[in-house]
Amino acid sequence: MSEKNQLETFIETQGLDVLQTNVIGEPTLVLAHSAQKVFDLEQFQDKPRRIRGVREFGDLGGIIAYTNDFANEESRAFIKDDQIKVIFDYHMPQDPRFCEHQAIFNLGTSARWLIWHSINNEWIPQKNFADFLDSGVDEISYPSQNVILDMVKNFRATTSYEFDNEKTAYGGEVLSYRKVTKTGTSIAQTVEIPERIKIVLQPFDKISSINKHPELAPEDMITAFEFDTILKWYYDENQHEIYFKIQILNIEQAFEETLAKIKAVFQKLTKVTSYIC
């Protein structure tokens, strides 16, 4: 007796109602009156009715290869925040689907991006600001690292202040202060504070994984974004301390532009229609 006849005999002898059949008339869902329970007969078939499951990838090459193996005209990719999600059985107009077969790749937001983002438009005490500049000197493209490191050294040594509005070569101002040496001698010095600082940041950790793909042309590589920032400061007479603030210009625009580049690259490498959410 064939498997099909066994199922039909079971359904008939148990007095079950057939609720659903497949395209060739085989029963797939039945209703048992005694227990009022629906039984899915997929487990008795030779193979599942459709592919289900969510596969997560830690490597871009993996999700691209997987997408190219399983994608069809129904497949769509969605890029949101720091994640690429591919839904292989996505809806078509007038033809809804279950969206049960998916692949996910997490780009991971860059730790340095988060740190710079967290200090954006925040007033920071002078010595804390010196520590921050020191930790991020490799991301500063203008002024030179020597200028930034000189600022850091002088900020850490400052004990008292005098102000001068003289403009510097960087469009900022000169801050005059006195440094006390180990012998207790007070030495007057000055430090130039630039009006603007340029920083170079990449919003996502795994951009390098994208740029290393062998099929990606050099002109399509996703480069880091250079930001223009405005540096402001003020002297708190009550605290006898200087505070600094960095205002990063167009930071949200950079995030959006990077996502747009990722979308274009992923769509080019997989031929799957992609959207930014």
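The values are calculated or read from the model by the stated rules, or taken from the named source; none is laboratory data. Computed from a predicted structure; not experimentally measured. Counting neighbours? That spans all protein chains shown, and the Cβs are built from the backbone with ideal geometry, glycine included. For accessibility, only protein heavy atoms count, side chains too; no ligands or nucleic acids. Shrake-Rupley method; radii C 1.70, N 1.55, O 1.52, S 1.80 Å.
What are the residues in segment 95-115 that are of a type in the set (Phe, Trp, Tyr) and modelled with pLDDT under 95, if any?
Phe98, Trp113, listed by residue number.
Sort out which residues of segment 79-122 are of a type in the set (A, V, I, L, M, F, W, C), under 30 Å from Leu249 (Cβ atoms) and either open to solvent by 40 Å² or more (accessible area, probe 1.4 Å) or part of a helix (DSSP H, G or I) (or both), and write them in order of number.
Ala111, Trp113, Leu114, Ile115, Trp116, Ile119
In segment 204-212, is there at least one residue being small (Gly, Ala, Ser), under 22 Å from the mean Cα position of the chain (by Cα) and in a loop (DSSP other than H, G, I, E, B)? Explain how you work it out, then say what you get.
Start the filter on segment 204-212 by keeping residues that are small (Gly, Ala, Ser), which leaves 208-209.
If we keep only those that are under 22 Å from the mean Cα position of the chain (by Cα) as well, we get 208-209.
Still in the list and also in a loop (DSSP other than H, G, I, E, B): none.
No, every residue in segment 204-212 fails to be small (Gly, Ala, Ser), under 22 Å from the mean Cα position of the chain (by Cα) and in a loop (DSSP other than H, G, I, E, B).
Name, by its number, the condition in (1) open to solvent by less than 90 Å² (accessible area, probe 1.4 Å); (2) of a type in the set (Phe, Trp, Tyr); (3) at pLDDT below 80 that does not hold for Tyr66.
(3)
Select, from Glu241, Glu257, Glu237, the only residue that is at negative phi and either in contact with a strand residue (DSSP E or B) (Cβ under 6 Å, 6 or more places away or on another chain) or aliphatic (A, V, I, L, M) (or both). Talk me through it step by step, then tell me what you get.
On the way: Glu257 fails: either in contact with a strand residue (DSSP E or B) (Cβ under 6 Å, 6 or more places away or on another chain) or aliphatic (A, V, I, L, M) (or both); Glu237 fails: either in contact with a strand residue (DSSP E or B) (Cβ under 6 Å, 6 or more places away or on another chain) or aliphatic (A, V, I, L, M) (or both).
Going through Glu241, Glu257, Glu237 in turn, just one is at negative phi and either in contact with a strand residue (DSSP E or B) (Cβ under 6 Å, 6 or more places away or on another chain) or aliphatic (A, V, I, L, M) (or both): Glu241.
Could you tell me which numbered condition Gly171 fails, if it satisfies all but one of (1) under 39 Å from the mean Cα position of the chain (by Cα); (2) modelled with pLDDT of 65 or more; (3) surrounded by fewer than 14 Cβ atoms within 10 Å (Cβ to Cβ)?
(2)
Only one of (1) within 30 Å of His240 (Cα to Cα); (2) open to solvent by 20 Å² or more (accessible area, probe 1.4 Å); (3) under 25 Å from the mean Cα position of the chain (by Cα); (4) among the aromatic types (Phe, Trp, Tyr) is not met by Phe57, so which one is it?
Going through (1) within 30 Å of His240 (Cα to Cα); (2) open to solvent by 20 Å² or more (accessible area, probe 1.4 Å); (3) under 25 Å from the mean Cα position of the chain (by Cα); (4) among the aromatic types (Phe, Trp, Tyr) one by one, Phe57 breaks only (1).
Assuming Lys127 fulfils every condition listed in (1) among the charged types (D, E, K, R); (2) open to solvent by 60 Å² or more (accessible area, probe 1.4 Å); (3) modelled with pLDDT of 90 or more apart from one, which condition is it?
Going through the list (1) among the charged types (D, E, K, R); (2) open to solvent by 60 Å² or more (accessible area, probe 1.4 Å); (3) modelled with pLDDT of 90 or more, Lys127 breaks only (3).
Determine whether Val191 is under 30 Å from Gln267 (Cα atoms), touching a strand residue (DSSP E or B) at 6+ places or on another chain (Cβ under 7 Å) and either at pLDDT 90 or above or outside any loop (DSSP other than H, G, I, E, B) (or both). Steps first, answer last, please.
On the way: under 30 Å from Gln267 (Cα atoms): no; touching a strand residue (DSSP E or B) at 6+ places or on another chain (Cβ under 7 Å): yes; either at pLDDT 90 or above or outside any loop (DSSP other than H, G, I, E, B) (or both): yes.
No.
Restricting to segment 226-269, and then to whatever is open to solvent by 80 Å² or more (accessible area, probe 1.4 Å) and in a strand (DSSP E or B), can you tell me which residue is farthest from Phe78 (Cα to Cα)?
Tyr234
Out of curiosity, is Glu73 touching a Pro at 6+ places or on another chain (Cβ under 7 Å) and exposed (fewer than 14 other Cβ atoms within 10 Å of the Cβ)?
Criteria not met by Glu73.
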